[in-house]
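Below: the structure, in structure tokens.
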Amino acid sequence: MNIKACNLKGSDIAMINDKIKISASILGCDLANLESELRRVEKAKADYVHFDVMDGVFVDNISFGLPVLKAAKAKTYLPFDVHLMITDPENYIAEFARCGADIITFHSEATSDIKGCIDLCKKNGCKAGLSIKPSTPASEVFQYLEQLDMVLVMTVEPGFGGQGFLPYTSKKIKEIRQKSDELGLSLDIQVDGGISDKTCNEVKENGANILVAGTYLFKADDMSRAVESLK
Ligand code: DX5
Ligand code: ZN
């Protein structure tokens, strides 16, 4: 289908079933059994593995990093969607690409050289994503939209899984989707934090098309049904 010919807006496009992608955040999995958890994610037909990197500086938590990415990458065919919650991401982008990242997302609040970070992601063969915290205005990403593959709108304060969705972040998803439509781009808009069957409609209606979920997927009795319910 020629989407442009149908005059669909971004939010409508996001509603076309197979346009919605699910990224499973392994921060919420049983890390002692990472390989079998990755197998569960494959079987449930999630689209990406979301890999949260925290440095204890940009956020008040420390998670996992390069060696874990490399080990996990060897155990699954799924693409890795790496979310860097670290200061000065420019120092590590090339290494994360080398260890298996397919998409690298860094935070606008974490670097003074956003353009340089986007270039580094691409130069190292990855898609480039730019993320904003709940309190950062949508307009912060506007000037970079044409160079970006994805914008990640955080729907909780970054740092921990299992938090409640912040409804006021929805407005920013809409603003970014509108701007991207105005520019004629096919931008991916990802949301991360508190995503479940209760909150997914709101983010999709506002134009998000990649949904990250940790707790909701890994605590579900049936992960396949949980993935389906988000789509
Ligand atoms: C939080 C992380 C998220 C987290 C999401 O800073 O970026 O990816 O794992 O977890 P849930 O889905 O449990 O909110
Ligand atoms: Zn994340």
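Once the 1.4 Å probe is applied to the protein heavy atoms, the chain comes out at 45 Å² accessible per residue. Phi angles of the range 65-82 translate, via the Karplus equation with coefficients 6.51, -1.76, 1.60 and θ = phi - 60°, into HN-Hα couplings of x, 4, x, 5, 4, 4, 5, 5, 4, 6, 9, 8, 8, 5, x, 9, 9, 9 Hz per residue; Gly and Pro are given as x. Across the range 86-93, computed HN-Hα scalar couplings (Karplus, 6.51 cos²θ - 1.76 cosθ + 1.60, θ = phi - 60°) run 9, 6, 6, x, 4, 6, 10, 4 Hz from first to last residue, x flagging Gly and Pro. In this view, the solvent-accessible surface of residue 30, computed with a 1.4 Å probe and all protein chains in place, comes to about 70 Å². Under a model in which nothing but the beta-carbon of Lys, Arg (+1) and Asp, Glu (-1) is charged, the range 10-230 shows a dipole of about 380 debye around its Cα centre.
Amide H contacts for residue 220 (H built 1.01 Å from N in the peptide plane; partners 5 or more residues away or on another chain; cut-off under 5 Å): none found. Applied to the range 213-226, the Karplus parametrisation 6.51 cos²θ - 1.76 cosθ + 1.60 on θ = phi - 60° returns per-residue 3J(HN,Hα) values of 9, x, 3, 4, 7, 6, 8, 6, 5, 10, 5, 4, 5, 5 Hz, with x for Gly and Pro.
So which residue, out of 80, 142, 51, gets the largest mean-square fluctuation from a GNM of the chain using Cα contacts under 10 Å as springs? Ranking 80, 142, 51 by mean-square fluctuation puts 142 first.
Residues whose amide H falls under 5 Å from that of residue 21, counting only those 5 or more places apart or on a different chain, are 210, 211, with hydrogens built in the peptide plane. The candidates 199, 87, 155, arranged from most to least accessible area with a 1.4 Å probe in the full protein assembly, appear as 87, 199, 155. Each part reduced to its alpha carbon centroid, the range 47-87 and the range 112-141 end up 16 Å apart. Taking 191, 82, 57 as the candidate residues, the one with maximal mean-square fluctuation in a Gaussian network model of the chain, Cα springs under 10 Å, is 57. On the range 107-231, 45 percent of the accessible area sits on carbon and sulfur atoms, based on a 1.4 Å probe.
Other residues within the sphere of radius under 12 Å centred on the Cβ of residue 187, judged by their own Cβ, net out at -2 (K and R +1, D and E -1). Within the set 174/198; 115/219; 19/171; 75/198, which residue pairs have Cα atoms separated by over 29 Å? From the list (174/198; 115/219; 19/171; 75/198), the Cα-Cα distance tops 29 Å for 115/219; 75/198.
The values are calculated or read from the model by the stated rules, or taken from the named source; none is laboratory data. Owing to the predicted nature of the structure, the values given are computational and were not obtained by experimental measurement. Note that we place each Cβ from the backbone using ideal geometry, even for glycine, and neighbour counts take in every protein chain shown. Accessible surface is based on the protein model in full, side chains and every heavy atom, while ligands, DNA and RNA are left aside. Shrake-Rupley method; radii C 1.70, N 1.55, O 1.52, S 1.80 Å.
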